[in-house]
1. Among the residues of the stretch 32-64, what is the count of those that are in contact with a Ser or Thr (Cβ under 6 Å, 6 or more places away or on another chain), within 17 Å of P149 (Cα to Cα) and of a type in the set (G, A, S)?
2. Go through the stretch 41-77 and report how many residues are among the hydroxyl-bearing types (S, T, Y) and out of contact with any Asp or Glu (no Cβ under 7 Å at 6 or more places or on another chain).
3. So F67 passes all but one of these: (1) assigned to a helix (DSSP H, G or I); (2) under 30 Å from A148 (Cβ atoms); (3) open to solvent by 40 Å² or more (accessible area, probe 1.4 Å). Which condition number does it fail?
4. Just one of V33, V24, V84 is open to solvent by 70 Å² or more (accessible area, probe 1.4 Å), more than 24 Å from D174 (Cβ to Cβ) and without any contact (Cβ under 8 Å) to a residue 60 or more places away in the chain; which is it?
5. Considering only the stretch 121-141, state which residues are polar (S, T, N, Q) and either more than 11 Å from V77 (Cα to Cα) or open to solvent by less than 30 Å² (accessible area, probe 1.4 Å) (or both).
6. Taking the condition farther than 24 Å from D110 by Cβ and of a type outside the set (V, I, T), does H61 pass?
7. For the list (1) without any contact (Cβ under 8 Å) to a residue 12 or more places away in the chain; (2) open to solvent by 80 Å² or more (accessible area, probe 1.4 Å); (3) charged (D, E, K, R), I need the number of the one condition that R100 fails.
8. Going by the conditions given, is L49 open to solvent by 10 Å² or more (accessible area, probe 1.4 Å), in contact (Cβ under 8 Å) with a residue 24 or more places away in the chain and in contact with a helix residue (DSSP H, G or I) (Cβ under 8 Å, 6 or more places away or on another chain)?
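The values are calculated or read from the model by the stated rules, or taken from the named source; none is laboratory data. This is a predicted model, so every value here is computed, not measured. Counting neighbours? That spans all protein chains shown, and the Cβs are built from the backbone with ideal geometry, glycine included. For the accessible areas, the whole protein counts, side chains as well, though only heavy atoms, and no ligand, DNA or RNA atoms are used. Shrake-Rupley method; radii C 1.70, N 1.55, O 1.52, S 1.80 Å.
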Amino acid sequence: MSSQLLLAPGLSLAAAALTAKESVRQFLYRSGVFTQHSLPATTISVGNLTSASGKTPFVMHLARHLFQFHGIPSLIVQAGGGTVDETVMMEHEFRDTPIRVVGHTSNPSDLKEILIDSPGLRLVLLDNGLQHLPLQRDLDIVTVNAHAPFGGNGHLHPRGSLREPAGPALRRADAVVVHHVDIAAAGRAQETL
């Protein structure tokens, strides 16, 4: 018997427990038991259900586009901290622009202070913001990779790569951006859309 078959029930149980915990957490934010903090700028969350969905490149594209074509500089916040590599990459990419990148905090008080100290920043982009509920947002965007839309096996962590159930997450989203439609199998792309 393969080790996958032996581990699957335990991993499924752990995934169910994590799903229940996430559902309760989201309910507590929606019902006002946990406080969502607003920022003094329009806030757009860009999140994903699995890794490799094109989320960070999309955030970078959005920040670049809004600045180049609309003159709107952004504060990019890596909600949940992001990775050091992503933060360094974005800081390097935007070093000669008024776009700021913050990878060390997503604390509402710290972000409010940054926005007050930099009054030209009128937009906050939350990179990895889908599951980061302490901050209110004006728009929720979810990125999906058409090649493997729900992480391949469709299971939640730790059995699979989904961070939360796809249905409720996509219903919370105001927009869904599907990446790699051009290289995904036609049937898979249609299934994703």
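1. Residues of the stretch 32-64 in contact with a Ser or Thr (Cβ under 6 Å, 6 or more places away or on another chain): 48, 50, 53-55, 58, 63.
Cutting the leftovers down to within 17 Å of P149 (Cα to Cα) gives us 48, 50, 53-55, 58.
Still in the list and also of a type in the set (G, A, S): 53-54.
Total meeting the criteria: 2.
2. Filtering the stretch 41-77 down to residues among the hydroxyl-bearing types (S, T, Y) leaves 42-43, 45, 50-51, 53, 56, 74.
Those still in the list that are out of contact with any Asp or Glu (no Cβ under 7 Å at 6 or more places or on another chain) too: 50-51, 53, 74.
Residues meeting the conditions: 4.
3. F67 satisfies every listed condition except (2).
4. Details: V33 fails: more than 24 Å from D174 (Cβ to Cβ); V24 fails: more than 24 Å from D174 (Cβ to Cβ).
The unique qualifying residue is V84.
5. Here is the first cut: in the stretch 121-141, the ones polar (S, T, N, Q) are 128, 131, 136.
The answer is Q131, Q136.
6. On the way: farther than 24 Å from D110 by Cβ: yes; of a type outside the set (V, I, T): yes.
Here the answer is yes, as H61 does meet what is asked.
7. (1)
8. Values: open to solvent by 10 Å² or more (accessible area, probe 1.4 Å): no; in contact (Cβ under 8 Å) with a residue 24 or more places away in the chain: yes; in contact with a helix residue (DSSP H, G or I) (Cβ under 8 Å, 6 or more places away or on another chain): yes.
So L49 does not fit the description; no.
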